[in-house]
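A quick write-up on the structure given underneath.
The values are calculated or read from the model by the stated rules, or taken from the named source; none is laboratory data. Bear in mind that the values here come from a model prediction, so they are computed numbers and not experimental data. Reconstructed Cβ throughout: ideal geometry from the backbone, glycine too, with neighbour counts over all protein chains shown. With ligands, DNA and RNA removed, areas are computed over all heavy atoms of the protein, side chains included. Shrake-Rupley method; radii C 1.70, N 1.55, O 1.52, S 1.80 Å.
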Amino acid sequence: FVADPFGRVGGGRLYRTGDVVVWDVLGELVFVGRSDFQVKVRGQRVELGEIEAVVVGLVGVGQAAVSVVDGVAGRRLVGYVVAADAGVGVDVEWVRGEVSQRLPGYMVPEAWVVLAALPLTPSGKLDRAALPVPEVEVAVFRAPTTPVEELVAGVFAEVLGVERVGLDDDFFVLGGNSLVATRVAARLGAALNVVVPVRLLFEVSSVVGLAARVESGLDAVRVPLVARVRSGRVPLSLAQTRMWLLNRLDPGSAAYNIPLVVRLSGVVDVVALGLALGDVVVRHEVLRTVYPEFDGVGYQRVLEPADAVVDVDVVEVSADAVVSVVSEFVGVGFDVTERVPVRARLWRVVGVGVVGDECVLGVVVHHISADGVSVGVLARDVMAAYAARVAGRVPGWAPLAVQYADYSVWQREVLGDEADPESVVARQVGFWRERLAGVPDELGLPLDRSRPVVASGRGGVVRVRWDAVLVAGIAECARVFGVTPFMVVHAGLAVLLARLSGGSDIAIGTPVAGRGEAALDDVVGMFVNTLVLRTEVDLGVSFAGVLAGVREMDVAAFGHADVPFERLVEVLDPPRSRARHPLFQVMLAFQNVADTTFELPGLTVTGV
């Protein structure tokens, strides 16, 4: 039973049946199947009822069913159709083509069977167990044969969460995207001790093709990311340099605070919670690092655990004041040159209407020491440490292979000195200098108000829901043109902005995760950078032509993603204005970081 969405007085309830139905030509609902019959095929979760609804809606199809069959080629989808008119029959190739136009490739059945009628159970519902199994396998699974092929297939499976990957499997068909491609390239490079460029995955995305390219022509020796013996001042990473400069301009700003706020129902063991947060701060050096200045340049100074204690202050707050006090706590900035970039507080909620023990936990980390992925790592480690401390133990986790400071030193070594024209960083700066030369200072959009002299940082939110048909169309467009869904959306956004602005030179910003190395999966830190994606949009060219240009730019940009954005601003030196963002004013970001879950023993955890 669910809340009545039609707003009837009295808070009515409706029963969600889980049945999938379609309207027929007479305006009646016809049962198709169940919406909760979900299966997993080649790493993709599929609702069989969603496919069946599409098939049964085609002209000439009277009934339809889709099932999963296990065979030597692995799991595959099989479609079963019954003609609306037995005298006419069904053209399964036509059905296959129509379904391919409406659904992403991984949801299109590989084999089709025409039946006189669907088998039914005594209760009149579909008997899936009685559906016939096609005798001929339509796809032959080819297993990797060489060590490099096995390595590529294994990396695909690990990064994409797919159970089995064969020679003919394609990275993007399996669910890969631009950001995941960075991780794949880094893991292959680490295993083979060579540099694997990200663009290679866009040129050859099948296991067999990528393995062949990796085996031939890649001879640049890779610098391994390992723990370092540190001497002298540890430099900031390139991403940290950006955050440090912004913090120096306005140490009191909370614009780059990352909050984690949850409501805890139940008895909180405050001592165990304080010890757990201390355990996490000890585990991740970056959470006990300050960033002082020497000769105008910031550096990392890792404090000893005893000098970086994060106290969990306990404060009482009335139920009606929770939002305001939490907002105030989150809105206080950090001076990262003087104090560690993390703080915590626990509020005990009291007053009328509060039943039982209820608290709110707030943890705030500055962006110089964490990013979006780090929030999930922090939540996981706090949960593990709290569970151990409540049980009277210390956390039993293995030490991290590398710390963030090791990454910073490694990054500088890999990229080299910008003064050296042969260094990686110098070549990347040269790439951006050429690609962004003459980029317009401002995108001339028809705004509903004038820009303020100084940008306030305030904004509004407009939420638009994309239905399954649109999402499936984007996925299918990406498959047909050999690009990623991000590129399809990027191209569409560029065309829209060109039409709105009347211009053709469109610059859009996008964040990149920067966590390619496997050793960084469990590390808290700041790895994010911002790229400028510049597209020339000719409204007289087909969308396929625009998409081709977007693909070329995006692949090249992701392959030159190490130069910090602020350094690009320095190099290109556009006219500065406090009223607008330099180089671009529109950003496109896919929120594809997994949702953070937070569970603590003996407590019910919810959002605030």
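What number of residues within segment 278-309 are open to solvent by less than 20 Å² (accessible area, probe 1.4 Å) and hydrophobic (A, V, I, L, M, F, W, C)?
Qualifying residue count for the region: 6.
Could you list, in sequence order, all residues of segment 568-578 that are in a loop (DSSP other than H, G, I, E, B) and surrounded by 12 or more Cβ atoms within 10 Å (Cβ to Cβ)?
Hits for segment 568-578 are Pro574, Ser577.
Looking only at segment 541-560, count how many residues are β-branched (Val, Ile, Thr) and either free of Cβ contacts under 8 Å to residues at least 24 places away in the same chain or on the phi > 0 side of the Ramachandran plot (or both).
Qualifying residue count, segment 541-560: 1.
Please state which of the following conditions Tyr106 fails to meet, knowing it meets all the rest: (1) aromatic (Phe, Trp, Tyr); (2) at pLDDT below 85; (3) surrounded by 19 or more Cβ atoms within 10 Å (Cβ to Cβ).
Just one mismatch for Tyr106, condition (3).
So, of the residues in segment 519-550 that are open to solvent by 50 Å² or more (accessible area, probe 1.4 Å) and within 19 Å of the chain's Cα centre (by Cα), which turns out to be farthest from Phe202 (Cα to Cα)?
Across segment 519-550, the extreme among qualifying residues is Asp522.
Hey, any hits in segment 289-302 for a residue that's farther than 15 Å from Tyr256 by Cβ and aromatic (Phe, Trp, Tyr)?
yes
Can you go through Ala129, Ala86 and tell me which one is farther than 26 Å from Ile474 by Cα, assigned to a loop (DSSP other than H, G, I, E, B) and not hydroxyl-bearing (Ser, Thr, Tyr)?
None of the others qualify; the one that does is Ala86.
Yes/no per residue for (1) in contact with a strand residue (DSSP E or B) (Cβ under 7 Å, 6 or more places away or on another chain); (2) at pLDDT below 85; (3) surrounded by 15 or more Cβ atoms within 10 Å (Cβ to Cβ); (4) farther than 24 Å from Ala239 by Cβ:
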site: Val429; (1), (2), (3), (4): no, no, yes, no
site: Trp432; (1), (2), (3), (4): no, no, yes, no
site: Glu442; (1), (2), (3), (4): no, no, yes, yes
site: Leu445; (1), (2), (3), (4): no, no, no, yes
site: Trp466; (1), (2), (3), (4): no, no, no, yes
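Does Pro511 satisfy the criteria of being more than 30 Å from Glu98 (Cα to Cα), under 20 Å from the mean Cα position of the chain (by Cα) and surrounded by 17 or more Cβ atoms within 10 Å (Cβ to Cβ)?
Yes, satisfied.
Quick one: Asp371 ticks every box in (1) buried (at least 18 other Cβ atoms within 10 Å of the Cβ); (2) more than 13 Å from Asn257 (Cβ to Cβ); (3) within 27 Å of the chain's Cα centre (by Cα) except a single one, so which number is it?
(2)
Tell me, which residue of segment 344-366 that is open to solvent by 40 Å² or more (accessible area, probe 1.4 Å) and not hydrophobic (A, V, I, L, M, F, W, C) is farthest from Ser327 (Cα to Cα)?
Looking at residues that are open to solvent by 40 Å² or more (accessible area, probe 1.4 Å) and not hydrophobic (A, V, I, L, M, F, W, C), I get Gly356.
Hey, any hits in segment 50-58 for a residue that's modelled with pLDDT under 85, of a type outside the set (S, T, N, Q), outside any strand (DSSP E or B) and under 19 Å from Ala129 (Cβ atoms)?
Checked segment 50-58: no residue is modelled with pLDDT under 85, of a type outside the set (S, T, N, Q), outside any strand (DSSP E or B) and under 19 Å from Ala129 (Cβ atoms).
Which one of Gly460, Gly492 is of a type outside the set (Phe, Trp, Tyr) and either under 19 Å from Gly545 (Cβ atoms) or surrounded by 14 or more Cβ atoms within 10 Å (Cβ to Cβ) (or both)?
When all the criteria are applied, what remains is Gly492.
Considering only segment 200-226, state which residues are surrounded by fewer than 16 Cβ atoms within 10 Å (Cβ to Cβ) and either in contact (Cβ under 8 Å) with a residue 24 or more places away in the chain or within 30 Å of Arg578 (Cβ to Cβ) (or both).
Glu215, Asp219, Ala220, Val221, Val223, Pro224, Val226
May I ask you to list the residues in segment 48-64 that are open to solvent by less than 20 Å² (accessible area, probe 1.4 Å) and touching a Lys or Arg at 6+ places or on another chain (Cβ under 7 Å)?
Gly49
Name the residue that is surrounded by the fewest Cβ atoms within 10 Å (Cβ to Cβ), counting only residues in segment 320-339 that are in a loop (DSSP other than H, G, I, E, B) and not charged (D, E, K, R).
This residue is Val332.
For segment 350-400, what are the residues that are among the hydroxyl-bearing types (Ser, Thr, Tyr) and not in a loop (DSSP other than H, G, I, E, B)?
Once the filter is applied, which keeps residues that are among the hydroxyl-bearing types (Ser, Thr, Tyr) and not in a loop (DSSP other than H, G, I, E, B), segment 350-400 yields Ser374, Tyr386.
Consider Ala190 carefully, then state whether it is out of contact with any Ser or Thr (no Cβ under 6 Å at 6 or more places or on another chain), part of a loop (DSSP other than H, G, I, E, B), open to solvent by 30 Å² or more (accessible area, probe 1.4 Å) and among the small types (Gly, Ala, Ser).
No, not satisfied.
Being open to solvent by less than 40 Å² (accessible area, probe 1.4 Å) and among the hydrophobic types (A, V, I, L, M, F, W, C) is the filter; apply it to segment 405-427 and report the residue that is modelled with the highest pLDDT.
The selected residue is Ala405.
Give me the residue from segment 65-101 that is among the polar types (S, T, N, Q) and surrounded by 15 or more Cβ atoms within 10 Å (Cβ to Cβ) and, out of that set, nearest to Thr17 (Cα to Cα).
Looking at the filtered set, the residue picked out is Ser67.
Within segment 584-602, is there a residue that is β-branched (Val, Ile, Thr), outside any loop (DSSP other than H, G, I, E, B) and open to solvent by less than 60 Å² (accessible area, probe 1.4 Å)?
Within segment 584-602, not a single residue is β-branched (Val, Ile, Thr), outside any loop (DSSP other than H, G, I, E, B) and open to solvent by less than 60 Å² (accessible area, probe 1.4 Å).
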